[in-house]
Each structure stands twice: as C-alpha cells, then as structure tokens.
Amino acid sequence: MKILPAILVLAALSCIAPVHAGDLVDLRVIDRDTGATLQSYARDGKTYVAGMPGHRYSVQIRNLVGERVLAVLSVDGVNAVTGQTASPDQSGYVLDPYQSTEVMGWRKNMSEIAQFNFTALSDSYAARTGRAENVGVIGIAVFREKPLDLPWREGKIASAPLADRYSPPPPPAQPSPPRPAPASVPPGTAETAAAAKPAPSADSVARADSYSPNRRTLEAARPEESLGTGHGARETSQVRYTQFERAGSQPNEIVSVRYDSYRNLVALGVIPQPRPPRHFVEPQAFPGGFVPDPRG
C-alpha cells in the first residue's frame, strides 16, 4: 500500500510556551490572521485555547526527540489527512528529528488543503458530515519508529527517505488490507517524491504545512455558540509519499488541547475574569463628614 511521506517545514518557534508539551512532541495552535500563538489555559487537568471566530488557524507540531516520529492529527474527532473518524492507526505526519511543522488544513489531495478556520459549531466540518459529538478538541497520537535492519536501510533510504508503514494488530482473522493516505507540506517548500512500497498491513502517513494565532480581548461572560473547525478555502500545500514503520500498535504519547471562544471560556470559568484595577475604591454608604457645596 502506498504511504504518504510529507515534507516538513522548519518553522521558527514563537517565544510563547507550547499549548501542550509532551515527551515526544509539543503542540501550538496559531492564529494565521494575526500570527500569534494562542495562549493556553489549564483547568481540571485539561488544556484550553481561545479561538477568534472567523480566523484561520494552524496546528504547529514540534518533534522533541532525535528520531523520527509519526503524528496522527485529529481535529474535532476527524483525521486531518483522510477525513475518516479519527483513530490512532490511520495516516499522519512524519517529522524528522527535532523538526517543526504547521498543519494548516484538511488534506484534499497531494497538492491542496482546505484551510482550518474557527467557525460556529453548526458550521464545522465535523457537524456538516454528521460527526458533531467531538467538536472542540485537537489531538495528536504520536508513534516512535521501529528500528530497521541495517541492510534494509542501506537499500531503501535513498529512494524513500520518509515513510509510514504501519501493521495494526491483526483482528481475529487477518489484518485489513492497507489503503493509501494523503499528506501535506507548506507551499514553497522543496520536496522529493518517493514511491511508497506496498506492504500487507501498511498504513499511510503524511506530512505538514505552516503559520500562527491570537487572544481575544475581554468581553462580557455571556455564553455564545461553541466554536468548531470549518472547511475553509483551498490552499496549495505539496506533499509526497514516505515510509514509516511504527514501533508498536499503541501510541507512545497522546497530546490534546480543547478550544472555544474567549467569551465561552470565561463563562465556563476556564479563563478567570480580570480583577478590578488597583486604584478601584469600593463605594461606601456612610463615608462620614458634612454636606459640602458642589464644585463649580
């Protein structure tokens, strides 16, 4: 089966801390319309970011280790490469050691994505395809690469520098047949095409895109419709096939972040409301003294 290698962009990292840092990768959500990395908020063991309705965004993934990893990206419970209801054994993005990339949309083919954008839950891609139950969460299942025999590496690395070859645990009978999967890379990035070597129980993988988000100004803590991720305008994003064999059937790490509008996160108590200014003086009913003449 064919495996999607994708070329990753070495993106400059923002000074802002990652939304979620794991042992293998860290995750940032970037508002592409402002270039800002969304600030994260923690509550009850979960991590949240506030998105701006109507703004485009990207998911920045950075490999923290000196080996290749596979990142299977789920947005609102949907695989961002294949469009399937997300599962860890599906296609994802391969990152080289210490590499960083930004995934900017839903993979449409080997040269295009449909932009991620913050929109009303009812207008989200997941809701419009009948899968609204997991809207509001972005997750990455991370796999280490299985060490390969030296002779295989010498014979195949040159022709297939990056690849995803995954053999899921066989069901009662036999593993399901492999199927091709898409990948992604940011426009303007050089890439080398590599033919994916068919393998019984191999799964597809891809790679990534690039950019950054911002924080909303304080508004009244009045709930509004929850945010989801829309299926935005088409954008060029080239990718290629590669090989990657997972070290195991279960992810080595899962990193996730929840998102909603700033107003809703304030209403939910995730974002604390600002305290009154220091110069603020609490009004008193009986401050004392006699009645003075009015000024002026």
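Values quoted throughout were computed directly from the atomic coordinates according to the rules given, and no laboratory measurement underlies them. Computed from a predicted model, the values in this text were never measured in an experiment. Glycine gets a Cβ as well: all are built from the backbone with ideal geometry, and neighbour counts include every protein chain shown.
Distance between the pseudo-spin-label points of Val281 and Gln84 (7 Å out from Cα toward the beta carbon): 6.8 nm. Full extension of the chain segment joining Lys108 with Asp23 gains 27.5 nm, where the gain is 0.36 nm per residue of separation less the Cα-Cα distance. Estimate the FRET efficiency between Arg43 and Arg234 by the formula 1/(1 + (r/R0)^6), using the beta-carbon distance for r and 35 Å for R0, to the nearest 0.05. Efficiency, from the Cβ-Cβ distance: 0.45. The amide H of Gln243, built 1.01 Å from its N in the peptide plane, has Leu162, Ala163, Asp164 as neighbours under 5 Å, considering only residues 5 or more places off or on other chains.
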